[in-house]
Amino acid sequence: MMFNKPHNFFLGTVINVNDPLQKGRVQVRIYGVHSESTDDIPHADLPWADVMLPSTGGGSSGIGSTVSITRFSQVIGFFLDGANFQIPIVIGTIDKYERDEEKGLSEQPSPHDFTVPVKKPSDIDVFLTGATNLEKAWNWFRSTLGGSYSPVAVSGILGNLWIESYATINNNDLSPTQRQVGGGPGYGLAQWEIGTDRYNELRERSKGLDINKMFTQLRFITYELDTYSYFGKSRLVEARTPEEASDIFMIHYERPKKYKGPITKPRSLGGTGTDDIISAQYSSAIERRNAARDIYENFTTVR
C-alpha cells in the first residue's frame, strides 16, 4: 500500500466502546478535528477507530489480545489517510485529569449503581448505542456493563423481551413503555407487574432516572440477573442455543404463572423431562424461541 500523505497524529477522548461489529473499535472525539458540541457533531457521527495491538494480538477473527480501553479515556493515534481525517488509528492511552463534565456524563462504575449522574443528560438513552431499541439492548447485554453475555444468551433474553413488550404492535421493536395488553398490571420490557416487589425495586433502584427509558430498564435486568440466583444467570450463560437460552430466561426470569400443571424440568435446564414439555405447558414458548433464533441470526450473520 502506498501512503502519499503524512499520518497526522491526534489526541482525543473515547466516547463509545460498544463496537457493533465487535472488532474492539472505539469512537473518538478528536481535539482540533471534531467540535466538542454534540449539536455540531453528534456522538453517533464520530468515526470508529481501530486500535493498534501488539504483534502477539493475532489480528484476525478475535484471536489474541482484546481491547480494554474504557469510555472517556484519553487516547493518542494517527490518521491512516493523513489530512483527510477519516481513518483514525488509536495507538495508546494517556493518563489525564478527568473534567467534572466528563465524570457527570460517564457511565457509572458498576451496572448496579443507579446514582443520578452529576450532569444528567436530557435523555439518558444516549448512554446506549444502536439505531433501534433492539440493537441498543443487544449492544447493552454484550457490553461489560450489561454483563458481557454471549450472543446465544443475549438472543434468549431479547426473544423474551420481544414477546413481553409486544414488539409486533410497536413497529417491530422493543418498547420500554408498553403496558400489558388487555389492561393487566404488566409494564415495560419485561412486563414487571405494577405494585409488586420487583416493580417497586425497579423504581427504587432507578433513584430518579426515568423508568420509562431503555437505559434504566436494561440496567435493572442486569442487576436482577447478577443479584438473585433464582433468575437463572448461571444456566443462561451455559446455554448452547438461542432456543435453550429463551426457555431458561422464560422460566427463571419471566417466571410465567399460567401453565397447565406441575412441570417436569427438561433436560436442557438440568432436569429429566423432554424439551417439548416446555412448549406444551407454556403457550408462548415457541414464539419466544422463534424470536430468539431470528434475533440471533440477525445480529450474527455476516452480511
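Here ASP247 meets the list (1) under 23 Å from LEU128 (Cβ atoms); (2) touching a residue at least 60 places away in the same chain (Cβ under 8 Å) almost entirely, failing just condition (1). All of LEU189, LEU134 fail the test of being modelled with pLDDT of 85 or more and part of a loop (DSSP other than H, G, I, E, B), apart from LEU189.
Based on this model, can you work out whether VAL126 counts as over 26 Å from SER234 (Cβ atoms), at pLDDT below 90 and in contact with a helix residue (DSSP H, G or I) (Cβ under 6 Å, 6 or more places away or on another chain)? Working first, answer last.
Details: over 26 Å from SER234 (Cβ atoms): yes; at pLDDT below 90: yes; in contact with a helix residue (DSSP H, G or I) (Cβ under 6 Å, 6 or more places away or on another chain): no.
When the stated conditions are applied, VAL126 does not pass them.
I'd like to verify a number: residues in the stretch 8-32 that are under 21 Å from TYR296 (Cβ atoms) and β-branched (Val, Ile, Thr), how many?
Narrowing the stretch 8-32 to residues under 21 Å from TYR296 (Cβ atoms): 18-23.
Checking which are β-branched (Val, Ile, Thr) leaves us with none.
Here the count works out to 0.
Hey, can you tell me all the residues within the stretch 123-182 that are of a type in the set (S, T, N, Q), over 25 Å from LEU46 (Cβ atoms) and in contact (Cβ under 8 Å) with a residue 40 or more places away in the chain? Steps first, answer last, please.
Taking the stretch 123-182 as the starting set, the residues that turn out to be of a type in the set (S, T, N, Q) are 129, 132-133, 139, 143-144, 148, 150, 155, 160, 165, 168, 170-172, 175, 177-178, 180.
Still in the running and over 25 Å from LEU46 (Cβ atoms): 150, 155, 160, 165, 168, 170-172, 175, 177-178, 180.
Within the stretch 123-182, SER150, SER155, ASN160, SER175 qualify.
Entry remark, the stretch 192-220: residues being part of a loop (DSSP other than H, G, I, E, B) and touching a residue at least 60 places away in the same chain (Cβ under 8 Å) number 5 in total. Condition (residue is part of a loop (DSSP other than H, G, I, E, B), modelled with pLDDT under 50, farther than 23 Å from PRO20 by Cβ and more than 25 Å from the chain's Cα centre (by Cα)) applied to the stretch 99-112: is it met by at least one residue? Yes; the residues of the stretch 99-112 include at least one that is part of a loop (DSSP other than H, G, I, E, B), modelled with pLDDT under 50, farther than 23 Å from PRO20 by Cβ and more than 25 Å from the chain's Cα centre (by Cα). Number of residues in the stretch 169-197 that are under 21 Å from the mean Cα position of the chain (by Cα) and of a type outside the set (A, V, I, L, M) equals 12.
The values are calculated or read from the model by the stated rules, or taken from the named source; none is laboratory data. Here the structure is a predicted model, which means the values were calculated and not measured. Virtual Cβ from ideal backbone geometry, glycine too; neighbours counted across all protein chains shown.
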